[in-house]
1. Can you tally the net charge around F15? Count Lys and Arg as +1, Asp and Glu as -1, for every other residue whose Cβ sits under 15 Å from the Cβ of F15.
2. T10 to M124: extension gain in nm, 0.36 nm per residue of separation minus the Cα-Cα distance?
3. Could you tell me whether the range 1-154 comes out rounded, prolate or oblate from its Cα gyration tensor? Rule is a ≥ b ≥ c as square roots of the eigenvalues, rounded for a/c under 1.5, then prolate if a/b exceeds b/c, otherwise oblate.
4. Run the 1.4 Å probe and let me know the accessible area of L132, rounded to the nearest 10 Å².
5. Net charge near Y35: determine it from the other residues with C-beta under 14 Å of the C-beta of Y35, scoring Lys and Arg +1 and Asp and Glu -1.
6. Two decimals is fine: what is log10 I(q)/I(0) at q = 0.13, 0.19, 0.25, 0.27 Å⁻¹ for the range 59-122, from a Debye sum with one equal scatterer on every Cα and no solvent?
7. Contour minus end-to-end for L201 and T86, with contour as 0.36 nm per residue of separation and end-to-end as the Cα-Cα distance?
8. Let me see the P(r) profile for the range 1-82: every Cα-Cα distance counted, bins of 10 Å, each bin given as a percent of all pairs.
Amino acid sequence: MAFLNMEQQTWAFTFGILGNIISLMVFLSPLPTFYRVYRKKATEGFQSTPYVVTLFSCMLWIFYALLKSGSELLVTINGVGCVIETVYIAMFLVYAPRPARVLTAKMLLGLNVGVFGLVALVTMLLSKHGSLRVHVLGWICVSVALSVFAAPLSIMRQVIRTKSVEFMPFSLSFFLVLSAVIWFAYGALKKDVFVAFPNVLGFVFGVAQMALYMAYRSRNPAAAVVMVEEVKLPEHAKEVAAAPEGRASCGAEVHPIDILPVATTRDGPQPVAVAIDVPEPAVVTCAAAAAAGGDGLVAAELAMMKPDAAIAVEV
């Protein structure tokens, strides 16, 4: 019996070491995201909520491990997690717009200072009941761990709405699934329900995120928008250049225009649009030009033009 118990503890220690390694990968998986934030000096569509909640969870698990004997491996990985999440949040506060910074600061003060302080106070009041204190803190850790696993639901909703996985790294989902499996085995071997139970839900959410990534990874809505705009541009230019019904065209038929890069005018370089007229035996008069909406100078120039000349129109 003692041999089996020692073997069980050995396996628990092994899974605990593996859990530390995999959890470290989970904590480091957003590095490409924050490298992008650093490079672009902007947080774009990224949110700070998952990192603030994860920091709060790490703080609680350290507190729980310090109260329960034989949980040193929980202290090590969650201590490292606190440091990494603090760095992420600091970078977010530097590069996020002001409203996002204010919201993040409020969450930090309310959750990581206020709520954690309240939990610590309640736990210390139960100091005479050691087992009750561990159980109360354990269920608090379970509820927070479930919220950590559920935090990416907002990102999943964004992926479904935008049909883009840009803000949901696959590596994070993969390591979450792997971490959930390892820590579930550790909790089962240690007979610690507070460690094993939340990782069941973590496994489910991780698999759901991976499935969502596989469904939307080949879609690029941004490219589709650009293609639509490129197709519509000539039509738009055609509509702008075409004369409305009932307006005289100075004896010429107006065709789709070609956009020229730059033309030098009295006001400096200006982009112009050229409408090519079809030769017709018609005479352009100043009155006809004025009826077309031009001022005196433009009307005079139009009057001197031949029917087969090109008309330069400023855009």
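The values are calculated or read from the model by the stated rules, or taken from the named source; none is laboratory data. Bear in mind the structure is a predicted one, so any value in this text is a computation, not a measurement. Methodologically, a virtual Cβ is constructed for each residue, glycine included, from the backbone with ideal geometry; neighbour enumeration extends over all protein chains shown. The area values use the complete protein model at the heavy-atom level, side chains included, leaving out ligands, DNA and RNA. Shrake-Rupley method; radii C 1.70, N 1.55, O 1.52, S 1.80 Å.
1. On the way: positive: K190, K191; negative: E7, E72, D192.
So the surrounding residues net to -1.
2. Fully extending the segment from T10 to M124 adds 37.8 nm.
3. Here the range 1-154 falls in the oblate category.
4. The accessible area of L132 comes to roughly 80 Å².
5. Values: positive: R36, R39, K40, K41; negative: E44.
Surrounding charge for Y35 is +3.
6. Values, matching the q order: -0.45, -0.81, -1.05, -1.10.
7. Values: separation 115, 0.36 × 115 = 41.40 nm, distance 2.52 nm.
Length gained between L201 and T86: 38.9 nm.
8. 16, 36, 27, 14, 5, 2
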